[in-house]
Amino acid sequence: MIKVTQAGRQVVSEKIPVWLIREISTQIPKGKIIGLVGPNGAGKTTLMRLIAGLDELSEGDISVDGMPVRSASLSIGYLNEQAGLYHRLTVRENLLYQASLYHLPAHKVNRKIEELATALNISDLLGKNAGKLSRGEGMKVLMARTLLHDPEYLLLDEPTNGLDLSAVINLRKFLKNLASDKQHGILISSHAMHEVQKLADYLVVIHQGRLLMQGTTQDICLLTQSDNLEAAFAKLVYQITDIE
Amino acid sequence: MKLLHSGILKKELLDIFRDWRALCFTAAISILVGPIILLMIANTLASFEARSERRIAMVHGIEHSPSLRIHLQRETATIIEAPADFEQLLKRMALQDPVLIVPSGFEEKWRAGEPAELTIMTNSANSKITANTNRLKRWLSAFVNERSMIENSMQVTAMGANELVSVQEHDISSLRAQTSKVFGMIPYFLILACLYSVWSGAVDTTFGEKDSRTLEILQSSPNHMYTIVCSKWLAVWLVGGVLVTIAAWSFVPAQRMMPGETLKSMLAYGPGEAFHMTMVLLPLTALLAGLLMFAGSVATTSKQAQGSATAIMLVSTLIPLAGHIDPSEETSFQSLMPVISHHRMMGRILEGGMPSYLTLGVEMLICALLTGLLLYMVAKRLTAQSYRRTKF
């Protein structure tokens, strides 16, 4: 389980210290999908980067199965929607490079690549130059790259961006299988409420770097006296009470 | 902590070779530009040399002065009768030599002690003619002096008691100065080759990772950033080292292709020199690869990356000029400061001396230490915290 305890990150922007997120506590258990929701600039990516060990905490603590995040890089797969691929390499070479970074045994790598390519429907792309992929294709390859070292926890920052409907449906199915069958713990951030509602077992709502609320969709709807997650979110974040 | 990661090294090499346009450009600049420019300048110098060896006196009316004919022949000049339309030809710059006009009755007037006049018709707008005009003037001046002394001696002393002193001036100083300048350019070309051979690779492996947003996969991988940086550096250095080696050896055929035996003999550049140049240049290439990688790691925009890389290239190529202020004196700073000391060592190789193994060893050690330090700084810059700070 990933445990986030009173996590905070402060940076200096134009000589003024700014808290990007503060006093956030939550958990990502194995086998569950946690939805991280919040408006633009709420601190979703910052929280994900902290959990991935890419940034340093200014306060609080994050542990992965009891270990500090820095020592848990093999357990975590982080997908950032803005992450890039090596454009001069083919998709397969990109994946092989990722495998070499994680010291995966050579005999397993090709099998794993084929397995992921089939699951994510990118088998046709393996020989294609990464620089020639469409945004949606690129996102699928990024997903394959994130999953290549078989991490126990997945941090997916806006993974459905740029994907067409069929790809979104496939991805949803794929992630649900990962959580239920392989017991991966998944933290997924998205702007699309309906998407999160369909995927997540548990929601974490943050706004302006602070934790607003967390619980199941039903809990949040009940507490905000809303009919659906979108309405609950509008009430919580924007204090808008009537959504048509 | 491992120093190298074979997967990263392999990927970086693949990446460099896939960007074949940049590689071809780099190779062309590093390998070909030096020898080509050297050959072009050598050709120009050879034409100067040929012109300086050209001993032709184009005369109109040489039959009017047999003594001048004898004098010019003694000067080993080939006397050519000027064409009838020499004035027009000179105007059109169609002649390479000035025309000496000897009027009829010149010799008789001279002997009678009357004022006699010789005319040199030239065209100062034609730079090619200038050297030949000066040479003709020298011959005439010697002729006038000689004749005057003979006339005087015949009056005062017995014939034969007088020894005519003929001062032969063979001016090769300007040619030597020009050739030394040309060959002094070789170390500059080779330092440029070091820089160009690693430039795009070094910046691409550091700033390129940020620019293409692939740095995160390196940061989140279980490898130490120093391992990643060292592997990247090795790939850049390997490619750069090969190009620099070829660049150093490319002056061997260039020297053989140089026109003019004088020039060829003035530049002793064979396999021995090329080998020693390579030994001097490989550590420098390693250091410059590290320096350019550091510039790439610090940059946050492509303009910054290009700007700092250009600044490094400019400083590295100009800094050896510091050693030219007083080339006779070598301070410990100059002998230890990379680039300046490399430049001096290359200069010594071109002069026929070879750097001692101790000097080479000290320079290698300095380069290794500085490269290690730079790579450590690059690793620090590329770790997550540093990267994050630069974003804000």
Checklist outcome for this item: Within region B:206-229, restricting to residues that are closer than 14 Å to B:K2 by Cα and surrounded by 24 or more Cβ atoms within 10 Å (Cβ to Cβ), the one that is nearest to the other protein chains (Cβ to nearest Cβ) is B:I228
Next on the checklist: Can you go through A:L223, A:L178, A:L165 and tell me which one is closer than 22 Å to A:L120 by Cβ, over 13 Å from the mean Cα position of the chain (by Cα) and either exposed (fewer than 15 other Cβ atoms within 10 Å of the Cβ) or β-branched (V, I, T) (or both)?
Outcome noted: A:L165
Checklist outcome for this item: Going through (1) within 14 Å of chain A (Cβ to nearest Cβ); (2) buried (at least 19 other Cβ atoms within 10 Å of the Cβ) one by one, B:D19 fails only at (2)
Next on the checklist: Here are the criteria: (1) within 11 Å of chain B (Cβ to nearest Cβ); (2) modelled with pLDDT of 90 or more; (3) under 22 Å from A:I21 (Cα atoms). Tell me which single one A:E59 does not satisfy.
Outcome noted: (1)
Checklist entry - Is there a residue in region A:92-102 that is under 30 Å from A:L229 (Cα atoms) and aromatic (F, W, Y)? => result no
Checklist outcome for this item: Scanning region A:72-118 for residues that are more than 14 Å from chain B (Cβ to nearest Cβ), crowded, with 19+ Cβ neighbours inside 10 Å and out of contact with any Asp or Glu (no Cβ under 9 Å at 6 or more places or on another chain) gives A:I113, A:L116
Checklist entry - Regarding A:G53, is this residue within 28 Å of A:Q183 (Cβ to Cβ), surrounded by fewer than 22 Cβ atoms within 10 Å (Cβ to Cβ) and within 11 Å of chain B (Cβ to nearest Cβ)? => result yes
Next on the checklist: Here's a check for you: in region A:207-222, which residue that is in contact with a strand residue (DSSP E or B) (Cβ under 7 Å, 6 or more places away or on another chain) and without any contact (Cβ under 8 Å) to a residue 24 or more places away in the chain is nearest to A:G60 (Cα to Cα)?
Outcome noted: A:M213
Checklist outcome for this item: When every residue in region B:254-264 that is in a helix (DSSP H, G or I) and either over 17 Å from B:M185 (Cα atoms) or in contact with a strand residue (DSSP E or B) (Cβ under 8 Å, 6 or more places away or on another chain) (or both) is compared, the one modelled with the lowest pLDDT is B:T262
Next on the checklist: I'd like to know if region B:239-246 contains one or more residues that are within 11 Å of chain A (Cβ to nearest Cβ) and either in contact (Cβ under 8 Å) with a residue 12 or more places away in the chain or part of a helix (DSSP H, G or I) (or both).
Outcome noted: no
Checklist entry - Inside region A:102-149, can you point out the residues that are assigned to a loop (DSSP other than H, G, I, E, B), at pLDDT 90 or above and of a type in the set (S, T, Y)? => result A:Y102
Next on the checklist: For region B:66-76: of the residues being at pLDDT 85 or above and surrounded by 15 or more Cβ atoms within 10 Å (Cβ to Cβ), which is farthest from B:R55 (Cα to Cα)?
Outcome noted: B:S67
Checklist entry - Since B:N123 meets every condition but one in (1) under 21 Å from B:S148 (Cα atoms); (2) not in a helix (DSSP H, G or I), which condition does it not meet? => result (1)
Checklist entry - Of all residues in region A:119-135, which are of a type outside the set (G, A, S), more than 11 Å from chain B (Cβ to nearest Cβ) and touching a residue at least 40 places away in the same chain (Cβ under 8 Å)? => result A:L120, A:N121, A:L133
Next on the checklist: Looking at A:A42 and the list (1) assigned to a strand (DSSP E or B); (2) at negative phi; (3) more than 11 Å from chain B (Cβ to nearest Cβ), which single condition is not satisfied?
Outcome noted: (1)
Item to check | Scan of region A:62-71 for residues that are among the polar types (S, T, N, Q) and more than 10 Å from chain B (Cβ to nearest Cβ), ordered by number | outcome: A:S63
Checklist outcome for this item: Checked region B:1-14 for anything modelled with pLDDT of 90 or more, buried (at least 21 other Cβ atoms within 10 Å of the Cβ) and within 9 Å of another protein chain (Cβ to nearest Cβ); matches are B:I8, B:K11
Next on the checklist: Just to verify a result, which residue in region B:77-129, among those that are small (G, A, S) and in contact (Cβ under 8 Å) with a residue 40 or more places away in the chain, is surrounded by the fewest Cβ atoms within 10 Å (Cβ to Cβ)?
Outcome noted: B:S104
Next on the checklist: I'd like to check something: does region A:58-80 contain any residue that is more than 30 Å from A:I220 (Cβ to Cβ) and in contact with a His (Cβ under 8 Å, 6 or more places away or on another chain)?
Outcome noted: yes
Next on the checklist: With the structure loaded, tell me whether A:A99 is modelled with pLDDT of 90 or more, within 19 Å of the chain's Cα centre (by Cα), assigned to a helix (DSSP H, G or I) and small (G, A, S) or whether it fails that test.
Outcome noted: no
Checklist outcome for this item: With the first residue restricted to region B:60-76 and required to be closer than 13 Å to B:R147 by Cα and touching a residue at least 12 places away in the same chain (Cβ under 8 Å), and the second required to be assigned to a helix (DSSP H, G or I) and not hydrophobic (A, V, I, L, M, F, W, C), Cβ contacts under 6 Å at 6 or more apart or on different chains are B:S65/B:E107
Checklist entry - Are any residues in region B:98-117 at pLDDT 85 or above and part of a loop (DSSP other than H, G, I, E, B), and if so, which ones? => result B:P98, B:V102, B:P103, B:S104, B:G105
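The values are calculated or read from the model by the stated rules, or taken from the named source; none is laboratory data. Worth saying up front: this structure is predicted, and the values here are computed from it rather than measured. For neighbour counting, all protein chains shown are included, and Cβ atoms are generated from backbone atoms with ideal geometry for every residue, glycine included.
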